[in-house]
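Undergrad: Provided herewith is a single structure, encoded as C-alpha cells, for subsequent inquiry.
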Amino acid sequence: MDYIPLDFPFLAAALLVGISFYIIIFKKNLTKLIMGVAMLASGVNLFLVSLGYRAGANAPIYTDVPGGPMVMSVPQALTLTSIVINVAVLALMLTMVIRIYRHTGTLDSEKSRKMKG
Amino acid sequence: MADLMTHGGILIIAIPLLAAFLTPLVGMASQRARNILVVVSLTFVAFLVFALARDISINGIHVYTLGATSPELTTPKGFIVPVRIILEVDGMSMLMAMLWSIVSLAAAIFSLSHIANETGQSRFYTLLLLMVAGGFGMMFTGDLFNLFVFLEIASISGAALIAYRTKFADTQEGGFKYIVVSAIASLMVLFAIGLLYAQYNLLNIGALAEVIQYTTADKIALALLLIAFTIKAGMVPLHLWFPDAYSVAPASITGMLVITSHACMYAAFRICFSLYGTMLDAPVVGWILIVFGLLSMFVGVTMAVFQKDVMRFMSYHAISQLGYMWIGVGVGLAVLGNADLMATYGRDAMSGGIFHILNHAMYKPLLFFTGGALFHMTGTRDLTKMGGLAHKMKWTAILYIIGTLSISGIPPLNGFSSKILIYESVYQFNAILTITGIVVSILTLASFTKAFHSAFMGAELPEYGKVREVPKSMIIGMAILAAGIVFITLFPSLVVDWAIHPAADALINQGGYIDAITGAVP
Amino acid sequence: MLSKIVRTVANQLIVFILVFGLYIIAHGHLTPGGGFQGGAIIVSGVVMLLVAFSSHEMKKGLRERVLSIVESSGALIFIILAFAGIGTVFFYNILLGTPLFGGIPATGSGPGILWTAGVIPLMNFAVGLKVIAGLSAVVLALALFSSGEEVEE
Amino acid sequence: MTAILESGYAFWNPIIWIIVFIVVGIIVYFFRRQGQEEYKKDTDQTRIFLCGEEVPEAGERHIRVGNIYWGFFETLKEYYNQVLRVHTGIINDYILWFVAATALSVIILLVAGLG
C-alpha cells in the first residue's frame, strides 16, 4: 500500500478523534472526560481496523475459505489488544472517579482538584 | 548457565509476571510467605539482569523470538520480514534494566514495612510485580506494538498503585490524572504505530528502520510518538500531571515511577535513534529535545524551591533532573550523522546524559524513600509542620544527606561526575546550555538545603515526641540505593566504560541494531 | 430488583449466554473470538443478572475471594503453558503433533477441526477464566460502588 | 579498576576529593579539640543565650519552610506569578498542553522538511 486511501472509515476515525479531544479539553465533568477517552480509543481502534481492510476480500478465517485475497489480520489483532487494554483503563478510571466523588462531593474537574502549583 | 542466558531476556519479563499471579494465592495462605516470594523473585530477576548484562558485553546484542523453533529465528522460512514477538536487548536496554532491577528490589523491600498497616497488600504486590514486568518489557522489546502493550501494563498498574491508599482524596485525584494522561498518550502511540504500519506493513523496530522513508506520514508519526513519550516522561510544559501523581503515591511506588519515566524517555530515544536514525532531520529533532530539556531544568527547579510539600518538592526536582538527560542526549541527536562532531563532543554528551539517568535512578528514589520515611513517621508531607526530626531519625537524615549532596552535584558524589561530563561536552555545542545547567545545580542545592533545614534541623518539636527511627526494611531499601551511589562515586570510570559507553554506542550505531534482527537469518 | 418477569427471563437466558460464551472460547483458535471475547460475553450475562437482581443479591453468589482465586489461576495457567515451551523457546507450542489438540489440518480445508492448534485452545480457556473472574469482579465492584457500599478489601 | 574518569578535557578523580575531605576533617577536628571540655552540663552554660531575653519554645524557635528564601521569591515575583498561572491543576488543561505541543512539533517537523 503506497498511500493511505482517504476513505470514509478514516474520515470517521478522524472525526471521532477530533470530537473526543474537544470533549476531553473543554468538558469539565469528569464522567464526560472518561467518555471522551473512550471515544478517543474507539477512534484509534477504528483507524487501526480500517487499515487492514481490503475491498472484496474474505474474513481471515482459515476454515472453508472460498479462495481469493484475505483481509489483513494483524491490525485486527492489534485492535483487539487495544480494546482489551481500554477495558482495564476505563474500569480503573471509573473507580477513581467514584472515589473522587465520594471524597469531594463533586465531579467538576476544577472544583474537585486538591492539588495545584 | 548458557541455557539460562539464552532465555535470559524473556525470563526477566516472565518471572515477575509469574510471581505477580502467584502472590494473591500465596498471600491468602501466609503474608510472610508472600513477602518472601516477592523479594526472592525480584532478587533472582536482578541476578538474571546482571548475568545477561555480562553476556551482552561479551556476545553483543541479545535477540529472542517468542514461540519460534529457535530463539534466533527472527525471520522463519517463507517470510521475508521478521514476524512474531521479538525481544532485542542491547547496551542501552541493559543499562535501563540494571537500574530498574535495583530500584524495584529496593522499592519492594521498602514497601514491606511502609504499607504494613494498609489493607489489600496482596494486590499491592501483584500490581508492583506487574509494573516491574511492564517496565522490563518496555526496555527489552524490539517491536513497536509490544512497546505499546508494555507501556500500558506499566501505566495501568502504576495508576492503580498511585491510588492505592484510597482513604485519602488526593491519591484518587493523582491516580486519575496519571491514568488519563497515560491513556491518551498511549492511544497516540498506537495511532502513530498505525500510521507506520499502514505504510510499511511492519511492526518490528529493526525491520522498520531498514525501510523507513521519512515521508509526511512518518513525520506526523514521529511527532506523535515523541510528544506522547515526552508527556509520559514528564517534561516541561507537559509536566503538569507529574507532581500531582508522584507526590501522593506510596513512597516506594514514587521511586519506581521515576524509573518508568526513564523508561518512557528510553522509548523516545529508541524511536529517535534506532527507528528513524539516519533518516531523521537530526538537528531539528535534537533541538526539540534540547528545548524540552532546558525548560524542564529551569522551570522544574524554580517550582521546586517554591514547594512546601516534601514529595511534591522532590517531584519537581525529578523534572529538573530529567532536563539534564534530555540536553545531553539531545545534543548527541543534534549532531547525529556528523561523524566529526559526534567524535568531538556528541558521544561525550550522550554518555553524560545516559550516565545521569543511572545516577538519577539511584539518588532520586533514595530521596523519595526518605520523604516517604518522613511521611511514615510524622503522618504529614507538609514541610511547614516538620522540624527537628534528625534527633530521632538519624539514619534517614544521613541517607537524605547522601542523596542531597549527590543530586546537587557536590564533589565527590556521583551526581557531579555525570554533570561534569554533560557540562564539558555541551559547552562546545552551545554555551547557554552549560550555564543554565550550573545555575540549576546551584538552585537545586539551595532548595535541598532549605528542605533539610526545615525537616531535620532545629530543636526537637513537642508534637513529634513519639517519632522514632523507621523500621529496618525501610532502612535496608534506602541503603541499597545509597550503596549504589557510593559505588558509582568511587568507580566512575569503571561504570562509564562498562555500562555507559556501550549504551551510548548502542544508540548511535543504528546499523548494528538493524543487523541483529535482519542479518541473523540462519 | 426488577419485576418477576424480568427475573424469570434472565434466569432462563443466562444458560444460553453461558453456552454461547463457551462456544466462542472453545472455537477461539478457529473462528473470530477467543478467551477475552467469550469471557466478555459470559460477563454480559452476569451484567444482565446484576440488572435483574440487586447487586447485594449477586454478592452472595459471587464471592470476591473466589473470583480472586479464579482470576489468578487463569493467569497462572497461561504463564505456565508459556513456560512449558521454555525447553525450546518461551511460548513454544509443545502440544503440536501430540494427541492432545495436536492435529495439523491442511490450510483452508474443511469446516473447523476443533482438535488442533496445540496449546492455543488451552490458553484461550485460561484467558477465558481470567476474564470471566476479572470482569465480573469489576462489574460487581462498580455496581456495589454506585449503590453506595464500600467493597471489602 | 582505576577511579579516574576522563571526559576529554579534564579528569575527575573522586579519590583525590575524598582525601581532601579527610584532611579537612582532621583539621576541623583539631580545632574542635582546642575547646574546653570541662563545662558543667544542665546548667546555664549549656542553655541558649538570647541577649538575656526569654528563649521561645522549640516550635516557635524553628524557622519554618515558608520563611526561608523570602527575598528570592520577592525578587522573582513576576516570574512566579506567570509560572503559577500555568499550573492550574485541572486535568483538561494538561491535555490541552499535550495537544498543543503535538500540533506544534508536527508543524515544526513538516516546515523543517520543506527547507
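Undergrad: Any chance you could count how many residues in the stretch D:58-74 are surrounded by 10 or more Cβ atoms within 10 Å (Cβ to Cβ) and farther than 19 Å from B:Lys385 by Cβ?
TA: The total comes to 2.
Undergrad: Within the stretch B:97-114, is there a residue that is buried (at least 23 other Cβ atoms within 10 Å of the Cβ) and at pLDDT below 90?
TA: Yes, some residue in the stretch B:97-114 is buried (at least 23 other Cβ atoms within 10 Å of the Cβ) and at pLDDT below 90.
Undergrad: Tell me, yes or no, whether the stretch B:146-154 has at least one residue that is touching a residue at least 40 places away in the same chain (Cβ under 8 Å) and closer than 30 Å to B:Pro471 by Cβ. Break it down stepwise before answering.
TA: Residues of the stretch B:146-154 touching a residue at least 40 places away in the same chain (Cβ under 8 Å): B:146-148, B:151, B:154.
Filter again for closer than 30 Å to B:Pro471 by Cβ, leaving B:154.
Yes; the residues of the stretch B:146-154 include at least one that is touching a residue at least 40 places away in the same chain (Cβ under 8 Å) and closer than 30 Å to B:Pro471 by Cβ.
Undergrad: I want to confirm something. Restricting to the stretch B:303-325 and keeping residues that are within 21 Å of the chain's Cα centre (by Cα) and aromatic (Phe, Trp, Tyr), which single residue is surrounded by the most Cβ atoms within 10 Å (Cβ to Cβ)?
TA: Checked the stretch B:303-325; the qualifying residue surrounded by the most Cβ atoms within 10 Å (Cβ to Cβ) is B:Tyr324.
Undergrad: Checking the conditions here, which among B:Ala217, B:Ala209, B:Ala233, B:Ala223 is small (Gly, Ala, Ser), touching a Ser or Thr at 6+ places or on another chain (Cβ under 7 Å) and free of Cβ contacts under 8 Å to residues at least 40 places away in the same chain?
TA: Selected residue: B:Ala223, the only one of B:Ala217, B:Ala209, B:Ala233, B:Ala223 that is small (Gly, Ala, Ser), touching a Ser or Thr at 6+ places or on another chain (Cβ under 7 Å) and free of Cβ contacts under 8 Å to residues at least 40 places away in the same chain.
Undergrad: Also: Suppose we filter the stretch B:463-491 for residues that are within 11 Å of chain D (Cβ to nearest Cβ) and either buried (at least 24 other Cβ atoms within 10 Å of the Cβ) or modelled with pLDDT under 90 (or both); how many remain?
TA: Residues flagged as within 11 Å of chain D (Cβ to nearest Cβ) and either buried (at least 24 other Cβ atoms within 10 Å of the Cβ) or modelled with pLDDT under 90 (or both) within the stretch B:463-491 amount to 7.
Undergrad: In the stretch C:33-85, which helices (runs of 4 or more DSSP H) lie fully inside it and hold 2 or more residues that are under 11 Å from the mean Cα position of the chain (by Cα) and not charged (D, E, K, R)?
TA: Once the helices (runs of 4 or more DSSP H) in the stretch C:33-85 are filtered for at least 2 residues that are under 11 Å from the mean Cα position of the chain (by Cα) and not charged (D, E, K, R), what remains is C:35-52, C:64-84.
Undergrad: Something else about it: Where residues in the stretch B:27-39 are touching a helix residue (DSSP H, G or I) at 6+ places or on another chain (Cβ under 7 Å) and free of Cβ contacts under 8 Å to residues at least 60 places away in the same chain, which of them is farthest from B:Tyr125 (Cα to Cα)?
TA: B:Ala33
Undergrad: Within the stretch D:1-57, how many residues turn out to be of a type outside the set (A, V, I, L, M), in contact with a Leu (Cβ under 8 Å, 6 or more places away or on another chain) and either at pLDDT 75 or above or loosely packed, with under 10 Cβ neighbours inside 10 Å (or both)?
TA: Adding up the residues that qualify gives 2.
Results for (1) on the phi > 0 side of the Ramachandran plot; (2) free of Cβ contacts under 8 Å to residues at least 60 places away in the same chain, shown as yes or no for each residue.
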| residue | (1), (2) |
| --- | --- |
| A:Gly68 | yes, yes |
| A:Ala77 | no, yes |
| A:Leu80 | no, yes |
| A:Asn86 | no, yes |
| A:Val89 | no, yes |
| A:Met93 | no, yes |
| A:Arg102 | no, yes |
| A:Gly105 | yes, yes |
| A:Ser112 | no, no |
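Undergrad: Please go through the stretch B:141-159 and give me each residue that is β-branched (Val, Ile, Thr) and closer than 25 Å to B:Arg123 by Cβ, ordered by number.
TA: Residues of the stretch B:141-159 that are β-branched (Val, Ile, Thr), as a first pass: B:141, B:149, B:153, B:156.
Result: B:Val149, B:Ile153, B:Ile156.
Undergrad: Being at negative phi, in contact with an Asp or Glu (Cβ under 6 Å, 6 or more places away or on another chain) and modelled with pLDDT of 90 or more narrows it down to one residue among B:Val248, B:Val258, B:Val181, B:Val189; which is it?
TA: B:Val248
Undergrad: A follow-up question, please. Does the stretch B:138-159 contain any residue that is out of contact with any strand residue (DSSP E or B) (no Cβ under 9 Å at 6 or more places or on another chain), aliphatic (A, V, I, L, M), facing chain A (nearest Cβ under 8 Å) and closer than 13 Å to B:Leu257 by Cα?
TA: Looking for residues that are out of contact with any strand residue (DSSP E or B) (no Cβ under 9 Å at 6 or more places or on another chain), aliphatic (A, V, I, L, M), facing chain A (nearest Cβ under 8 Å) and closer than 13 Å to B:Leu257 by Cα, one finds at least one in the stretch B:138-159, hence yes.
Undergrad: Consider only pairs whose beta carbons are under 6 Å apart and that are at least six residues apart or on different chains; among these, list those whose first residue lies in the stretch B:40-67 and is more than 20 Å from B:Gly477 (Cα to Cα) and whose second residue is buried (at least 20 other Cβ atoms within 10 Å of the Cβ) and among the acidic types (Asp, Glu).
TA: B:Ile61/B:Asp90; B:Val63/B:Glu88
Undergrad: Right, another one. Condition first: away from chain C (no Cβ under 14 Å) and closer than 24 Å to B:Arg270 by Cα. Can you find one or more residues in the stretch B:125-132 that meet it?
TA: Checking the stretch B:125-132: at least one residue is away from chain C (no Cβ under 14 Å) and closer than 24 Å to B:Arg270 by Cα.
Undergrad: Within the stretch D:65-90, which residues are touching a Lys or Arg at 6+ places or on another chain (Cβ under 6 Å) and away from chain A (no Cβ under 14 Å)?
TA: Hits for the stretch D:65-90 are D:Val65, D:Ile68.
Undergrad: Filter the stretch A:26-38 down to the residues that are surrounded by fewer than 19 Cβ atoms within 10 Å (Cβ to Cβ) and without any contact (Cβ under 8 Å) to a residue 40 or more places away in the chain and list them by number.
TA: A:Phe26, A:Lys27, A:Lys32, A:Met35
Undergrad: Further question on the same structure: Restricting to the stretch B:165-176, what's the tally of residues that are buried (at least 23 other Cβ atoms within 10 Å of the Cβ) and facing chain A (nearest Cβ under 8 Å)?
TA: Looking only at the stretch B:165-176, we keep the residues that are buried (at least 23 other Cβ atoms within 10 Å of the Cβ), and these are B:171-176.
Right, trim to facing chain A (nearest Cβ under 8 Å) and you get B:172-176.
Total satisfying the criteria: 5.
Undergrad: Got at least one residue in the stretch B:492-508 being more than 14 Å from chain D (Cβ to nearest Cβ), surrounded by fewer than 23 Cβ atoms within 10 Å (Cβ to Cβ) and without any contact (Cβ under 8 Å) to a residue 12 or more places away in the chain?
TA: no
Undergrad: Give me the residue from the stretch B:390-407 that is more than 14 Å from B:Leu366 (Cα to Cα) and more than 11 Å from chain D (Cβ to nearest Cβ) and, out of that set, surrounded by the most Cβ atoms within 10 Å (Cβ to Cβ).
TA: B:Met393
Undergrad: Also, I was wondering about something else. Looking at the stretch D:58-85 only, could you name the residues that are of a type in the set (Gly, Ala, Ser) and modelled with pLDDT of 85 or more?
TA: D:Gly71
Undergrad: Is there a residue being over 24 Å from the mean Cα position of the chain (by Cα) and aromatic (Phe, Trp, Tyr) anywhere in the stretch B:439-451?
TA: Taking every residue of the stretch B:439-451 in turn, none turns out to be over 24 Å from the mean Cα position of the chain (by Cα) and aromatic (Phe, Trp, Tyr).
Undergrad: Examine the stretch C:46-68 for a residue that is surrounded by 16 or more Cβ atoms within 10 Å (Cβ to Cβ), modelled with pLDDT of 75 or more, within 14 Å of chain B (Cβ to nearest Cβ) and in contact with a helix residue (DSSP H, G or I) (Cβ under 6 Å, 6 or more places away or on another chain), and state whether such a residue exists.
TA: yes
Residue-wise test of (1) more than 30 Å from B:Asp515 (Cβ to Cβ); (2) crowded, with 24+ Cβ neighbours inside 10 Å.
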site: B:Leu240; (1), (2): yes, yes
site: B:Ser247; (1), (2): yes, yes
site: B:Leu257; (1), (2): yes, yes
site: B:His262; (1), (2): no, yes
site: B:Tyr276; (1), (2): no, yes
site: B:Leu280; (1), (2): no, yes
site: B:Trp287; (1), (2): no, no
site: B:Leu295; (1), (2): yes, no
site: B:Val301; (1), (2): yes, yes
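Undergrad: Regarding A:Val17, is this residue among the β-branched types (Val, Ile, Thr), within 23 Å of B:Tyr197 (Cα to Cα), out of contact with any Gly (no Cβ under 6 Å at 6 or more places or on another chain) and buried (at least 20 other Cβ atoms within 10 Å of the Cβ)? Full working, then the answer.
TA: Values: among the β-branched types (Val, Ile, Thr): yes; within 23 Å of B:Tyr197 (Cα to Cα): yes; out of contact with any Gly (no Cβ under 6 Å at 6 or more places or on another chain): no; buried (at least 20 other Cβ atoms within 10 Å of the Cβ): yes.
No.
Undergrad: When both residues are 6+ apart or on different chains and their Cβ atoms are under 9 Å apart, which pairs have a first residue that lies in the stretch B:177-206 and is within 7 Å of chain A (Cβ to nearest Cβ) and closer than 18 Å to A:Tyr53 by Cβ, and a second that is crowded, with 24+ Cβ neighbours inside 10 Å and among the β-branched types (Val, Ile, Thr)?
TA: Cβ pairs passing all conditions: B:Leu190/A:Val44; B:Phe191/A:Val44; B:Gly194/A:Val44.
The values are calculated or read from the model by the stated rules, or taken from the named source; none is laboratory data. Note that the structure is predicted; figures quoted are calculated from it, not measured. Cβ coordinates were reconstructed from backbone atoms using ideal geometry, including for glycine residues, and neighbour counts include every protein chain displayed.
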